[in-house]
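The values are calculated or read from the model by the stated rules, or taken from the named source; none is laboratory data. Since we're looking at a predicted model, the values are computed, not measured. We place every Cβ from the backbone using ideal geometry, glycine too, and count neighbours over all the protein chains shown.
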Amino acid sequence: MLDVKAIMALHRECVVRWHDEPIDLNTSGAMNIITTQFSFNFRLWHEEDIARSPDAGDKRIAQVKRNIDQLNQQRNDWIEKIDDWITETLDTRGVVVDTAAPLNSETPGSVIDRLSILALRIYHLQEQTERDDATPEHITAVTQKLAVCQHQQQDLANSLQELLDDIFGGRKRHQTYHQFKMYNDPNLNPYLYQTQRRQAG
């Protein structure tokens, strides 16, 4: 069973540590999957910042765009791995779910992904309130946004815990939803396979 409070604590700990130290994955089991998934969001957040820098040249932006595509692909792949872990654990525990049980519109893996993004947003908003050059107006505006994000985070965490309780209690069905992202697949992205065809010819 996944403990949402433990997941949130893991997100908070990692986002602080990874800003000072290299990314590490010193966890095991489901938490290792969750930490790995978060690591792609962490890197993705900072690549997105670079992409919006007015000082970045075209060559740098092109590389950042490729990095973003790759990280986003990995982020989605590991959302699916979280959901696959839940499926395997349900099977191992012999959880029986009525076929008429409702299916949630969003999987636990997707909600955990959203919580990880909120952990990053809250960290960086808090950072804004501590800027030496920040005006009182800036700090007030950011503090208001921070309060909203923290409220949203708690609401989302409560909803996730209820969902997990229902899934592991057999009251809701669970399944992995595969994104099947096409843009990085050389067999599905027409720009990629047409380029390969031209090069081969």
What is the number of the single condition among (1) in contact (Cβ under 8 Å) with a residue 60 or more places away in the chain; (2) within 13 Å of the chain's Cα centre (by Cα) that Ala101 does not meet? (2)
Gln175 passes all but one of the listed conditions (1) modelled with pLDDT of 95 or more; (2) under 19 Å from Leu2 (Cα atoms); (3) not basic (Lys, Arg); the exception is number (1)
Residues (in contact with a Gly (Cβ under 8 Å, 6 or more places away or on another chain) and among the aliphatic types (A, V, I, L, M)) located in region 70-125: Ile79, Ile82, Ile86, Val95, Val96, Val97, Ala101
Has region 111-125 got at least one residue that is more than 30 Å from Gln73 (Cα to Cα), among the basic types (Lys, Arg) and touching a residue at least 12 places away in the same chain (Cβ under 8 Å)? no
When you scan region 137-144, do you find a residue that is at pLDDT 95 or above and either closer than 20 Å to Ile82 by Cβ or among the acidic types (Asp, Glu) (or both), even just one? yes
Selection from region 43-76 of residues acidic (Asp, Glu) and free of Cβ contacts under 8 Å to residues at least 24 places away in the same chain yields Glu48, Asp49, Asp55, Asp58
Look at Ile50 and say whether it is surrounded by 17 or more Cβ atoms within 10 Å (Cβ to Cβ) and either part of a helix (DSSP H, G or I) or more than 19 Å from the chain's Cα centre (by Cα) (or both). no
Checked region 62-119 for anything surrounded by fewer than 16 Cβ atoms within 10 Å (Cβ to Cβ), among the polar types (S, T, N, Q) and assigned to a loop (DSSP other than H, G, I, E, B); matches are Thr99, Ser105
Return a yes/no flag: does region 33-45 have any residue that is surrounded by fewer than 16 Cβ atoms within 10 Å (Cβ to Cβ) and not basic (Lys, Arg). no
Ile139: more than 22 Å from Gln153 (Cβ to Cβ), surrounded by fewer than 17 Cβ atoms within 10 Å (Cβ to Cβ) and in contact with a helix residue (DSSP H, G or I) (Cβ under 7 Å, 6 or more places away or on another chain), yes or no? no
In region 8-27, which residue that is among the acidic types (Asp, Glu) and in a loop (DSSP other than H, G, I, E, B) is nearest to Asn158 (Cα to Cα)? Asp24
Could you say whether any residue in region 28-38 is assigned to a loop (DSSP other than H, G, I, E, B) and at pLDDT below 95? yes
